[in-house]
1. Would you mind calculating the gained length between Thr27 and Ser77 on full extension (0.36 nm times residue separation, minus the Cα-Cα distance), in nm to one decimal?
2. Averaged per residue, what accessible surface does the chain expose to a 1.4 Å probe, in Å²?
3. What is the chain's relative contact order, in percent, from Cα pairs under 8 angstrom and six or more apart in sequence?
4. Taking the Cα centre of the chain as origin, sum charge times position over the Cβ atoms of Lys and Arg (+1) and Asp and Glu (-1), and report the length of that vector in debye to the nearest 20.
5. Considering amide H positions built from the backbone, and no H for Pro or chain starts, which residues 5 or more places from Tyr19, or on another chain, come under 5 Å of its amide H?
6. Reachable lysines from Lys61, Cα under 17 Å, same-chain residues fewer than 8 places away excluded?
7. For Leu31, enumerate residues with amide H under 5 Å from its amide H, sequence gap 5+ or separate chain, H modeled in the peptide plane.
8. Which whole-Hz couplings ³J(HN,Hα) result when phi for each residue of the range 30-36 is put into the Karplus expression 6.51 cos²θ - 1.76 cosθ + 1.60, θ = phi - 60°, listed in order with x for Gly and Pro?
Amino acid sequence: MNIKNFIGNEFVEVKSGEYFDTFNPSTGKVLTKIPDSGEEDIELAVQAATKAFPIWSSMTKEMRSNLMNKVADMIESRLEE
């Protein structure tokens, strides 16, 4: 399974098509492949962040915290996948 970059509120393939393995430290087995993001991917992420900044910065710290906690909950709910 290849992990995708999350840019501009969507999962996208790494532009170079290059990935590297990440390993389970207790077994040494490959867990998944992670994007080897390059300059083009970073530029897209910066553009998306710049576009999102006005909305994000207008939220209260409580609203931002609630959103980040929801993201953490979603990640935790899918740890076994």
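1. Fully extending the segment from Thr27 to Ser77 adds 15.7 nm.
2. 85
3. Answer for the chain is 24 percent.
4. 300
5. The answer is Asp36.
6. Within reach: Lys70.
7. Thr22, Phe23, Asn24
8. Couplings: 5, 8, 6, 10, 10, x, 9 Hz.
The values are calculated or read from the model by the stated rules, or taken from the named source; none is laboratory data. What you see is a predicted model; the values in this text were computed from it and never measured. Quick reminder, even Gly has a Cβ in these numbers, built from the backbone with ideal geometry, and neighbours come from all protein chains shown. With ligands, DNA and RNA removed, areas are computed over all heavy atoms of the protein, side chains included. Shrake-Rupley method; radii C 1.70, N 1.55, O 1.52, S 1.80 Å.
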